[in-house]
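What follows is calculated from the coordinates using simple rules that are stated; it is not laboratory data. This structure is a prediction, so every number in the text was calculated from the model and none was measured. All Cβ positions, glycine included, derive from the backbone under ideal geometry; neighbour counts span all protein chains shown.
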Amino acid sequence: MSENATKIRNILKEHGRLTKDASALGERDDLYQAGMTSHASVNVMLALEGEFDVEFPDHMLKRSVFESIAAITSAIDELTQGR
Amino acid sequence: MIDRVPADRVPADRAAAPAPARPRPDGVFFGGAARPRFGWLHRPAAADTRVAGGMVPTGLATDTALVIVPPFGYEAICAHRSLRALAEAAAERGLLGVRFDLDGTGDSAGDDLDPARVEAWLASIGDACDLARANGASRIVLAGVRLGALLACLAAARRASSASGASDIVGVIAIAPVTNGKAFVREGRALQMQLGLAPAPPGLASAPPALAPAPSGLASHATAASAADDIHELVGFALTAETRAALSAIDLAKLPPPTSAMLVIDRDDLAPNDKWVAALRAGGCAVEHVRLPGYVEMVLDPHKVIVPRTIIEAAVAFAAREASAPATGASAAATGASAAPEGGRPAAANAGDSKAVIGGVSEEAVWIDDQLAAIATRGPGVLRTGVILLNAGSVPRVGPNRLHVPIARRLAAAGALVLRVDLTGLGDSPARPGAGDNVTYGTHALADVAAAVAWVRAQGVREVALVGLCSGAYHAFKAAVAGTSVSAVVAINPLTFFYEPGMPLDLAAFKVTEDAQRYGKQMKSLAAWKKLIAGRVNVRRVARVVAERARSVAEHRGREVLRRLRVPLTDDLGSELYALGRAGVSTRFVFAGEDPGHAMLIEQGGSAVERLGKQGKVAVEVIDGPDHTFTPRWSHALLEAAIRRAIGI
């Protein structure tokens, strides 16, 4: 598991308000089906921004970007590319 | 956008614990005739020496008021119950508890789309402080929640630098504060996008179309659309480009701190506001900084809200401490000037009035049977029809997305008497003795509706229509079935026609219907089949839903046969629809396209729906696209139009 993925799981554990254990989720499991509400996803976004020192642009503020660990990882990779 | 309120999703602690009896607060309009705002005065019990009208200053246990500045939009809807509890707790500690609706929100005049929102919000905070002073307080502690905290800080600074040079603000409490307006706007944008709401259908602008000329002074959809070309929706509410720009320019860390003492109560689910607090301290402000649990539960959907007792206790303890401190410096000077509030109007004019004229229609805060809090709205003409707007789930009387307020004002302008009422245990109405608080399908709902109907009839109207969404639809329909004297029922998105306490939620009729509809759609989806093959589908759940659906279909087919044989049936929707038809009650159902209540009506009502439809006694209207609570703003006008068609106004 990549370092980023580990950090993402930790953030989901703390802010995602999931009904399932974040460490047991598959990379492509649907986080909304795992109990994450829209409000919780915003908190996840804020925590991700703090952790990775990034700002999600408007075009990334949509459900699909936060629907799975794989999707979040992809977004973070894109935002931190070239560092 | 709220989760649907199922029949029995009531936390056990709330249903079981009777609400304590408390003194009734006074609902008042204040702030002047040009722009009335609405608020509640929670007076200390020992000092509750109200006289007729209840608007004269009373002797308070202390000379201090806790003026509560609410958050914005959906957060204000969710936090309503907790802010009421905060005001009540303040009154119990001898403070005057004042809560109010910011300009353009709640029961106050105006709309999100009006110009100069931030300035108007700040002005309404100033007016609320004047209201407190005119009702006996000479010192004020401001308590703001979320955006309300940011506004409270600005208002306190503004009041301190006012012409008199003597601020009456002795404390500011910032609860889960927004400290940066730009971040708030962005967070709202993110939340709105996460909701994944349906866009406006082709041909319908994202801004609601004009319905009818709005009374003078009322924001109409037409003026709203032209005033704000770039509206960002925020969970049923709106921020115009101007409002976003004004908010984005505010960063509390870069502004001088309030001159009063401060209590910052950070939420425990996000990083604390350490930088802002450091900036406050560096600016010479005496700040207490704590991080407490409770914010998340305070802004859950209204039927799930848990009042944050820890936060309330901390806030009230701080306010009481400031109240007991000897007045010094500026606050002492301000105390001496208590007869001349900062707004410049004489005290009597600021003391509040139960009535106001807003945009040509009159509004009055009323208590029905000393039990039901309501706002009655009347137009200038002869009253023809009474319309009662019931709570949607646990949403207070302003309605989901504050829809009830503009609807009431426009219907009143068209000649109706409109009552937006809180049933007991909801909104501002206390629970009846022995009953639980915040219970959506309460056992007293029918009695509450009957009391509201009797009050409206006593005003002289001949016909009364009941309008409700979700549980409000259920109560409207059942009140008519029970024989309450009404001429029309408008039931919007009912989720049950027979409330069964204790029924497992996952197999409630609406849930089974909804799941079955979803499975039907997924049968055509390749992705869904792949998911099934990959073993990522809860097959046991699917099997249970299918079995329950089969049982339900068989039951209702059997009922249809028995109904045709004129066999008396209990708990039978078709029989109830026929009974309403015989009683001359016009029954109108309005559904958002995907809401499961529509399928339930067709199935449970059987042929009665079609037969009574042909007789004009039952009608069904479907609005495609919106969610259960009509969150997208483009759907608001469509819903209002459907209501107006149903009641003939």
Response to the item:
For B:Glu610 and B:Glu500, extending 7 Å from Cα along the Cα-Cβ vector and measuring point to point gives, in nm, a value of 2.6
Worksheet, complete the sentence: Using eta = 1.306 mPa s and T = 10 °C, Stokes-Einstein with Kirkwood Rh from Cα pairs puts D for the range A:3-80, in µm² s⁻¹, at 132
Fill in: Euclidean distance of C-alpha centroids, the range A:65-83 and the range B:448-497, integer Å
51
Worksheet, complete the sentence: Quick note on A:Lys7, B:Lys254, ordering by fewest other C-beta atoms within 10 Å, gives B:Lys254, A:Lys7
Worksheet, complete the sentence: Between B:Arg281 and B:Glu119, the FRET efficiency computed from the C-beta separation at R0 = 41 Å comes out, to the nearest 0.05, as 0.90
Worksheet item: Measuring from label point to label point, each 7 Å out along Cα→Cβ, what is the B:Arg544 to B:Leu565 span in nm?
Response: 3.3
Discussion item. Please rank B:Leu390, B:Leu270, B:Leu612, fewest neighbouring Cβ atoms within 10 Å first, as an exposure proxy.
Written reply: B:Leu270, B:Leu612, B:Leu390
Discussion item. If each residue of separation counts as 0.36 nm, what is the full-extension length gain between B:Ser525 and B:Val553 once their alpha-carbon separation is subtracted?
Written reply: 7.6 nm
Fill in: Label point distance in nm, A:Asn10-B:Val622, each placed 7 Å from Cα along Cα→Cβ
5.0
